[in-house]
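Following: one structure in structure tokens, then a few remarks.
The values are calculated or read from the model by the stated rules, or taken from the named source; none is laboratory data. It should be emphasised that the depicted structure is a prediction, and the values quoted were computed from it without experimental measurement. Quick reminder, even Gly has a Cβ in these numbers, built from the backbone with ideal geometry, and neighbours come from all protein chains shown. With ligands, DNA and RNA removed, areas are computed over all heavy atoms of the protein, side chains included. Shrake-Rupley method; radii C 1.70, N 1.55, O 1.52, S 1.80 Å.
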Amino acid sequence: MSAEATEKYAIPQGFENAHAGPGDYTRLYAESIDDPDAFWGREGKRLDWITPYTKVKNTDFTFGNVSIKWFEDGQLNVAANCIDRHLATRGDQTAIIFEPDSPDDEAQHITYRHLGEQVNRMANVLRDMGVKKGDRVVLYLPMIPEAAYAMLACARIGAIHSIVFAGFSPDALSNRINDSGANILITADEAPRGGRKTALKSNADQALLGCSDRVKCLVVKHTGGQTTWTEGRDIDLRALMAEASTDCEPEAMNAEDPLFVLYTSGSTGKPKGVVHTTGGYLVFAAMTHQYTFDYHDGDIYWCTADVGWVTGHSYIVYGPLANGATTLMFEGVPTYPDAGRFWEVCAKHKVNQFYTAPTAIRALMGKGKEFVEKHDLSSLRLLGTVGEPINPEAWNWYNEHVGKGKCPIVDTWWQTETGGHLITPLPGATETKPGSATVPFFGVKPEILDAESAKVQEGNPAEGVLCIADSWPGQMRTVWGDHQRFMETYFQQYPGYYFTGDGCRRDEDGYYWITGRVDDVINVSGHRMGTAEVESALVAHEQVAEAAVVGYPHSVKGQGIYAYVTLMNGIEPSEDLRKELVKWVRSEIGPIASPDLIQWAPGLPKTRSGKIMRRILRKIAENDYGALGDTSTLAEPEVVDDLIANRMNKG
Ligand code: 6R9
């Protein structure tokens with residue numbers, strides 16, 4: 001690590017009254033680790049409970065026995081905590097600012113009172129359709145207020161929502177509907193983004209061909225675009241909401257009842273349904289939102305993620321609304337109508353906390369600082385990043401041009417599985433270093449283990465794989481329908497620990513630096529993609545015999561997708577076939593899975609037992625083939641020469 005990268009940035013002015021100062025952090029962190037029952041027992045009280053809990057932590061990381069329960073005898077309702085309890089004091093305060101795709105369309109300010117009415121209407125529609133506690137509802141929606149209404153409506157009646165990102169293909173949607181066993185799909189006619197429209201309803205029509213005909217489809221007529229309508233199956237959601245009552249009794253949920261399932265990529269082909277439950281998740285989302293962003297009453301907070309990802313769940317909807325915050329929901333993209341859109345929106349709504357992904361920063365950085373300088377960003381107090389390691393260059397640009405050197409940058413490391421931030425600076429307590437997620441949040445006990453020997457690496461500096469030694473309330477509880485897979489994925493390789501799948505380095509000051517995934521997961525523009533998922537899509541094409549997919553460094557996306565493809569006997573490679581395969585993967589999974597580079601491989605480097613040597617493929621894709629390491633175990637070492645000669649990344 002270079003000297004300048006380890007330079008510390010002091011806590012900026014204006015954070016003297018932050019929720020946590022330096023002394024608070026040390027004291028509270030120690031307590032949270034020494035006495036989690038006392039610490040979290042107190043933190044749990046930030047929510048309103050229907051039946052107060054008497055037990056706090058009951059968790060076991062032993063492989064074969066993994067069980068995670070928090071506040072297990074308490075009862076509460078998430079929608080009541082995100083809405084009803086705020087009504088007496090802030091019914092007229094804006095809960096959600098909705099900024100549409102086109103800057104010419106007017107923004108909406110949705111008050112807590114209006115939010116409550118809409119959520120209750122939608123909850124009543126769902127109840128009238130027979131949706132009960134524990135039933136699954138799949139959401140395939142644009143970034144519109146109805147997405148938040150639908151999440152909270154499910155929570156209100158105890159249904160479990162599962163959001164499928166609107167960029168996913170019909171196939172991906174249908175797999176998720178089937179795996180979750182949902183009988184209701186909520187979608188919209190079209191999703192406008194960057195001036196273009198995705199035909200969500202038509203994707204949904206296609207997806208539903210692969211699902212049981214019990215599945216009903218509730219459609220938000222958002223753009224008014226033309227759709228085909230299947231009588232008896234398709235229902236106009238807004239029309240039913242208009243007639244529904246604005247009163248809806250919230251269901252009393254046990255703290256450990258599931259709140260949502262969110263599918264995420266792993267190292268095997270099939271995405272897993274990550275299950276989060278009610279009490280611990282909401283306590284953790286609310287607390288991290290308040291502390292990490294130093295959120296105070298009256299602040300305007302904006303997280304640019306999509307509700308289709310976990311960041312949108314915890315930090316657009318649940319955390320902010322549990323705290324009675326004003327949260328901005330943006331339908332569009334950073335570069336439409338131009339690369340100044342983020343900053344225009346910040347200026348227009350006087351945003352105080354701004355949270356985005358390094359890939360967006362890099363893309364905007366490439367367009368030039370003029371787009372930032374045009375807008376008045378004086379309202380900004382704090383900046384955040386999430387999704388992948390941020391390179392110091394992007395960090396410095398963000399700090400200098402967006403934050404004007406006055407805003408702390410919180411680089412938040414966490415995962416779909418963790419529910420909320422695990423390693424992050426607290427703006428009033430932690431000095432930052434560009435590229436480091438810094439130090440653990442309260443209650444989080446990171447350990448660095450040697451990848452091979454599984455030995456805990458004591459002292460600083462240290463390097464290895466990142467594990468977490470004990471549970472925190474926001475942790476996922478299981479894989480939907482497959483607890484065994486949950487245990488095998490996260491608790492088997494390093495017994496007694498939650499294994500994150502990330503590599504990590506701890507520096508002399510005890511700061512954590514995430515070095516990227518150590519498994520077969522790649523991170524493309526902050527989106528997780530299993531290489532095995534892309535491989536299975538490729539080999540499903542009739543002209544493909546075999547495929548191996550790896551990540552390679554990409555200047556904007558962080559990692560790009562590099563595919564080695566072996567064609568069926570007699571099939572000739574061509575530019576047309578290359579384009580066709582890219583299109584094929586887009587239609588099988590979605591645009592985020594499109595290979596950036598496809599190399600025709602007459603053969604793949606394999607061990608004598610037939611295992612693909614990914615290490616070698618990764619090196620060639622990284623253009624670092626001088627250091628291939630030992631290739632003596634290969635069955636046919638000569639295939640490597642061909643792969644090097646014809647490599648696609650000559651950069
Ligand atoms: C929240 C989210 C999780 C993976 C994670 C890691 C990478 C996320 C990061 C980061 C370095 C950060 N990651 N935040 N790496 N610094 N601040 O992104 O969830 O989509 O499940 O991805 O993303 O590799 O393991 P998810």
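Scanning the range 568-591 for residues that are on the phi < 0 side of the Ramachandran plot, β-branched (Val, Ile, Thr) and in contact with a Lys or Arg (Cβ under 8 Å, 6 or more places away or on another chain) turns up nothing. Residue-level check: of (1) touching a strand residue (DSSP E or B) at 6+ places or on another chain (Cβ under 8 Å); (2) outside any loop (DSSP other than H, G, I, E, B); (3) surrounded by fewer than 21 Cβ atoms within 10 Å (Cβ to Cβ); (4) among the hydrophobic types (A, V, I, L, M, F, W, C), residue 467 misses just (3).
Take residue 528 and tell me if it is open to solvent by 60 Å² or more (accessible area, probe 1.4 Å), under 30 Å from residue 414 (Cβ atoms) and among the charged types (D, E, K, R). So residue 528 fails the test. So for the range 602-612 (the condition being crowded, with 20+ Cβ neighbours inside 10 Å and closer than 30 Å to residue 367 by Cβ), does at least one residue qualify? No: the range 602-612 contains no residue that is crowded, with 20+ Cβ neighbours inside 10 Å and closer than 30 Å to residue 367 by Cβ. Among the numbered conditions (1) more than 16 Å from the ligand (Cβ to nearest atom); (2) of a type in the set (Asp, Glu); (3) in contact with a Phe, Trp or Tyr (Cβ under 9 Å, 6 or more places away or on another chain), the only one that residue 509 does not meet is (3).
When residues of the range 403-414 are filtered for being in a loop (DSSP other than H, G, I, E, B), more than 8 Å from the ligand (Cβ to nearest atom) and under 11 Å from residue 292 (Cβ atoms), how many remain?
Narrowing the range 403-414 to residues in a loop (DSSP other than H, G, I, E, B): 403-408, 414.
Remaining after also requiring more than 8 Å from the ligand (Cβ to nearest atom): 403-408.
Subset that is under 11 Å from residue 292 (Cβ atoms): 408.
The total comes to 1.
What's the number of the condition residue 159 fails, among (1) over 20 Å from the mean Cα position of the chain (by Cα); (2) open to solvent by 10 Å² or more (accessible area, probe 1.4 Å)? Every condition holds for residue 159 apart from (2). The residue pairs whose first member lies in the range 501-517 and is more than 16 Å from residue 530 (Cα to Cα) and open to solvent by 10 Å² or more (accessible area, probe 1.4 Å), whose second member is within 8 Å of the ligand (Cβ to nearest atom) and in a strand (DSSP E or B), and whose beta carbons are closer than 6 Å, counting only pairs six or more residues apart or on different chains, are 512/423; 514/413; 514/502.
Scanning the range 619-636 for residues that are touching a residue at least 12 places away in the same chain (Cβ under 8 Å) and surrounded by 11 or more Cβ atoms within 10 Å (Cβ to Cβ) yields 620, 621, 622, 623, 625, 628, 631, 633, 634, 635, 636. All of 554, 541 fail the test of being under 17 Å from residue 599 (Cα atoms), open to solvent by 20 Å² or more (accessible area, probe 1.4 Å) and not β-branched (Val, Ile, Thr), apart from 554.
Among the residues that make up the range 361-376, is at least one of them touching a Cys at 6+ places or on another chain (Cβ under 9 Å) and more than 29 Å from residue 498 (Cα to Cα)? Yes, that holds for at least one residue.
Given the options 493, 484, name the one that is open to solvent by 50 Å² or more (accessible area, probe 1.4 Å), among the polar types (S, T, N, Q), more than 21 Å from the chain's Cα centre (by Cα) and within 16 Å of the ligand (Cβ to nearest atom). Spell out how you get there, then give the answer.
Working: 484 fails: within 16 Å of the ligand (Cβ to nearest atom).
Every option except 493 fails the conditions.
Listed by position, the strands (runs of 3 or more DSSP E) enclosed by the range 28-103 include none that has at least 3 residues that are among the hydroxyl-bearing types (Ser, Thr, Tyr), open to solvent by 30 Å² or more (accessible area, probe 1.4 Å) and out of contact with any Lys or Arg (no Cβ under 7 Å at 6 or more places or on another chain). Restricting the search to the range 111-124, which residues are open to solvent by 10 Å² or more (accessible area, probe 1.4 Å) and closer than 20 Å to residue 239 by Cβ? Selection gives 114, 117, 118, 120, 121, 124. Among the numbered conditions (1) of a type in the set (A, V, I, L, M, F, W, C); (2) open to solvent by 10 Å² or more (accessible area, probe 1.4 Å); (3) part of a strand (DSSP E or B), tell me where residue 305 comes up short. Failed condition: (3). Counting only residues that are more than 15 Å from the ligand (Cβ to nearest atom), assigned to a strand (DSSP E or B) and not aliphatic (A, V, I, L, M), the range 435-462 holds 1 of them. Of the residues making up the range 427-434, none is open to solvent by 20 Å² or more (accessible area, probe 1.4 Å), more than 9 Å from the ligand (Cβ to nearest atom) and modelled with pLDDT under 95. Test residue 327 against the stated conditions and say whether it is open to solvent by less than 10 Å² (accessible area, probe 1.4 Å), touching a helix residue (DSSP H, G or I) at 6+ places or on another chain (Cβ under 6 Å) and polar (S, T, N, Q). Judged against the criteria, residue 327 is a match. When the range 364-385 is filtered for residues that are assigned to a loop (DSSP other than H, G, I, E, B) and either open to solvent by less than 40 Å² (accessible area, probe 1.4 Å) or under 18 Å from residue 432 (Cα atoms) (or both), the ones remaining, listed by number, are 368, 377, 379, 380, 381. Would you confirm, using the coordinates I've provided, whether residue 361 is surrounded by 19 or more Cβ atoms within 10 Å (Cβ to Cβ), within 16 Å of the ligand (Cβ to nearest atom) and assigned to a loop (DSSP other than H, G, I, E, B)? Spelling it out, it is not the case that residue 361 is surrounded by 19 or more Cβ atoms within 10 Å (Cβ to Cβ), within 16 Å of the ligand (Cβ to nearest atom) and assigned to a loop (DSSP other than H, G, I, E, B). Screening the candidates 444, 439, 351, 456 for the property of being open to solvent by less than 50 Å² (accessible area, probe 1.4 Å) and within 23 Å of residue 97 (Cα to Cα) yields one hit, 351. The listed residues are 388, 393, 400, 417, and the only one of them that is in a helix (DSSP H, G or I) and within 11 Å of the ligand (Cβ to nearest atom) turns out to be 417. Per the conditions (1) near the ligand (Cβ under 9 Å from one of its atoms); (2) of a type outside the set (Asp, Glu); (3) buried (at least 24 other Cβ atoms within 10 Å of the Cβ), the sole criterion not satisfied by residue 422 is (1). Pairs linking a residue in the range 130-146 that is in a loop (DSSP other than H, G, I, E, B) to a residue that is of a type in the set (Asp, Glu), with Cβ atoms under 8 Å and 6 or more positions apart or on different chains, are 133/251; 133/257; 134/257; 142/190; 142/331; 143/306; 143/331; 144/331.
Pull up the range 421-434, narrow it to residues that are part of a loop (DSSP other than H, G, I, E, B) and polar (S, T, N, Q), then point me to the one that is farthest from residue 394 (Cα to Cα). If you could, list the steps in order and put the result at the bottom.
From the range 421-434, those part of a loop (DSSP other than H, G, I, E, B) are 421-422, 424-431, 433-434; that's our starting set.
Narrowing the set further to residues that are polar (S, T, N, Q) leaves 424, 430.
Working: 424: 18, 430: 20 Å.
Filtering first and then ranking leaves 430.
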